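The values are calculated or read from the model by the stated rules, or taken from the named source; none is laboratory data. As the structure is a prediction and not an experimental result, all values here were calculated from the model. Cβ placement follows ideal geometry from the backbone for every residue including glycine, while neighbour counts extend to all protein chains displayed. With ligands, DNA and RNA removed, areas are computed over all heavy atoms of the protein, side chains included. Shrake-Rupley method; radii C 1.70, N 1.55, O 1.52, S 1.80 Å.
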Amino acid sequence: MFQKKIHAIFHFNFIDRIVKSKREEILNLIKDKLDLKLVKDCLDIGTTEDSSFGSSNYIINNLPVKKKKSLSNQNISLGCYESTLVKSITEDLKNNEIKSFKSDLVISSAVIEHVGNFENQKKMIENMIKLSNKYLVFTTPNKFHPIEFHTKLFLLHWFPNKAFAKILKLLGFEFFSKEENLNLLSERQIYKLTGLMPDSFEFKIFFVRLFYFKSNFIVIGYKK
């Protein structure tokens, strides 16, 4: 009942339009910060097969790069990808997989908060580095924005993770109460993660705002 009331207030189409507008801002920032003339191919991490929302795969679909590949734990049948590796980005990559899917730009939109604990998030970035020839980009919502965008709850996600997980379970959000399904990142945690990466990449952190608060972080890695 509680979730139904929440969804009635934040209608899915309304939320989708907001998410799409933020992703359009992120896309424009990426175009501004990267020299896409140097990008011959792009690998999308965490592609979704669900194309029912306008925000789904929005960034990769609108990047001006002709050759696009996908790495996802879903079977992707969408025609815009020339090849897909069905695998989790937190798994070990084989040499032939790296060779086949290595790309000038490796990008991931709103995936890192869904791969589990801190070690899995670290592993994801390490694998993106292995797959990147020039650039890597990942985006994620800000843990300390007043709205938690997956559950549409206000402020409750500012509690420590364990307390927030218990609250989610009590409110009926069983799926998102599990760390492997939702582990939000703060700006400080992003700096910690990128600080653990090899010196071969330089990282810069950007953001977009919603209601005056930082809503999404955009992390760009440049190969030195």
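For the stretch 1-10, state whether one or more residues are at pLDDT 95 or above, open to solvent by less than 80 Å² (accessible area, probe 1.4 Å), over 21 Å from PHE203 (Cα atoms) and in a loop (DSSP other than H, G, I, E, B). It would help to see each step written out before you state the result.
Step one: of the stretch 1-10, the residues at pLDDT 95 or above are none.
Checking the stretch 1-10: not a single residue is at pLDDT 95 or above, open to solvent by less than 80 Å² (accessible area, probe 1.4 Å), over 21 Å from PHE203 (Cα atoms) and in a loop (DSSP other than H, G, I, E, B).
Quick one: what pairs do we get from the stretch 76-98, first residue at negative phi, second charged (D, E, K, R) and assigned to a loop (DSSP other than H, G, I, E, B), C-beta under 9 Å, 6+ apart or different chains?
From the stretch 76-98, the pairs are ILE76/GLU49; SER77/GLU49; LEU78/GLU49; LEU93/LYS87; GLU97/LYS87.
Please go through the stretch 25-55 and pick out each residue that is among the β-branched types (Val, Ile, Thr) and either part of a strand (DSSP E or B) or at pLDDT 95 or above (or both). If you could, list the steps in order and put the result at the bottom.
The first filter runs over the stretch 25-55 and keeps only residues among the β-branched types (Val, Ile, Thr), leaving 26, 30, 39, 45, 47-48.
The answer is ILE26, ILE30, VAL39, ILE45, THR47.
Has the stretch 172-191 got any residue that is open to solvent by 10 Å² or more (accessible area, probe 1.4 Å), of a type in the set (A, V, I, L, M, F, W, C) and without any contact (Cβ under 8 Å) to a residue 24 or more places away in the chain?
yes
When you check GLU91 against the structure, is it in a loop (DSSP other than H, G, I, E, B), open to solvent by 30 Å² or more (accessible area, probe 1.4 Å) and either in contact with a strand residue (DSSP E or B) (Cβ under 9 Å, 6 or more places away or on another chain) or more than 23 Å from PHE217 (Cβ to Cβ) (or both), yes or no?
yes
Determine whether LYS223 is among the basic types (Lys, Arg), touching a residue at least 60 places away in the same chain (Cβ under 8 Å) and over 21 Å from PHE164 (Cα atoms). Spell out how you get there, then give the answer.
Values: among the basic types (Lys, Arg): yes; touching a residue at least 60 places away in the same chain (Cβ under 8 Å): yes; over 21 Å from PHE164 (Cα atoms): yes.
Yes.
Select from the stretch 184-208 the residues that are outside any helix (DSSP H, G or I) and out of contact with any Lys or Arg (no Cβ under 9 Å at 6 or more places or on another chain) and write down the one among them that is nearest to LYS169 (Cα to Cα).
Keep residues of the stretch 184-208 that are outside any helix (DSSP H, G or I), which gives 184-186, 196-208.
Add one more test, that the residue is out of contact with any Lys or Arg (no Cβ under 9 Å at 6 or more places or on another chain), and what stays is 198, 203, 205.
Working: PRO198: 38, PHE203: 36, ILE205: 32 Å.
Checking each candidate, the answer is ILE205.
If you take the residues in the stretch 165-183 that are assigned to a helix (DSSP H, G or I) and more than 21 Å from the chain's Cα centre (by Cα), which one is farthest from PHE217 (Cα to Cα)? Even if it seems obvious, please write down each step before you answer.
In the first step, residues of the stretch 165-183 are kept if they are assigned to a helix (DSSP H, G or I); the result is 165-170, 175-177.
Retained after the next criterion (residues that are more than 21 Å from the chain's Cα centre (by Cα)): 166-170.
Working: LYS166: 26, ILE167: 25, LEU168: 24, LYS169: 27, LEU170: 29 Å.
Here the residue is LEU170.
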